[in-house]
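Okay, structure first, notes after.
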Amino acid sequence: MLKTKNKNLFYSIASFAALAAINYTVIHNPLVFLFLTVLLTHELGHYFFAKKYTDQVSLPIFIPIPFFAIAFTKVKGLTNFAKKRVSLAGPLVGSLTAILFILANTIFRFTSYIPLFVLLFGEIIFNWLGTDGSKYRSASRSMSCTY
């Protein structure tokens, strides 16, 4: 069991490092690390909230693609209530991380505000329209039908 957890942790760290290396090599801008930090906190938000409700959760795996980031966390055995919370946790934690970057930028002035607000609104809008939002809406519909 411990070997499996260590192997999954290694795959998660290695895939995130590969994603960071590929995107920084192609884009070569330090903002890549801000975007990837938000992605990492987003996926860890899913992971830790799912861990609260079930033990059948895997660490996030990142697929390294240039100019794009795909990540997923496998979760099994959730109720509709837990699915709703877990699907909402990722965008919530990612948005809070983006807000912290905006606040830190007011103090340290490390970049323009435009990419940070794009990051924040992208985290909110794309996740509501994407798979996290569809899982949240489907859990909400099935909860309303089970009175």
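In table form, for the structure just shown:
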| quantity | calculated |
| --- | --- |
| Residue satisfying all of: in the range 93-103; of a type outside the set (V, I, T) and over 9 Å from the mean Cα position of the chain (by Cα); surrounded by the fewest Cβ atoms within 10 Å (Cβ to Cβ) among these | L103 |
| Residue that is surrounded by 19 or more Cβ atoms within 10 Å (Cβ to Cβ), under 25 Å from I13 (Cα atoms) and aromatic (F, W, Y), where the choices are F126, F68, F62, F72 | F62 |
| Test result for T37, under 27 Å from Y113 (Cβ atoms), loosely packed, with under 12 Cβ neighbours inside 10 Å and among the β-branched types (V, I, T) | no |
| Positions within the range 44-87 being aromatic (F, W, Y) and either closer than 27 Å to V32 by Cα or in a strand (DSSP E or B) (or both), in sequence order | Y47, F48, F49, F62, F67, F68, F72 |
| The lone exception for V118 - which of (1) touching a Leu at 6+ places or on another chain (Cβ under 6 Å); (2) without any contact (Cβ under 8 Å) to a residue 40 or more places away in the chain it fails | (1) |
| Candidate set from the range 71-85 (those that are among the β-branched types (V, I, T) and out of contact with any Leu (no Cβ under 8 Å at 6 or more places or on another chain)); member that is nearest to A17 (Cα to Cα) | V75 |
| Any chance V38 is of a type in the set (A, V, I, L, M, F, W, C), within 30 Å of S142 (Cβ to Cβ), touching a Ser or Thr at 6+ places or on another chain (Cβ under 6 Å) and touching a residue at least 60 places away in the same chain (Cβ under 8 Å) | yes |
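Every read-out reported here was derived from the displayed coordinates using simple, explicitly stated rules and does not represent laboratory data. All figures in this text were calculated on a predicted structure; none of them were measured in a lab. Glycine also receives a Cβ, built like all others from the backbone with ideal geometry; neighbour counts cover every protein chain displayed.
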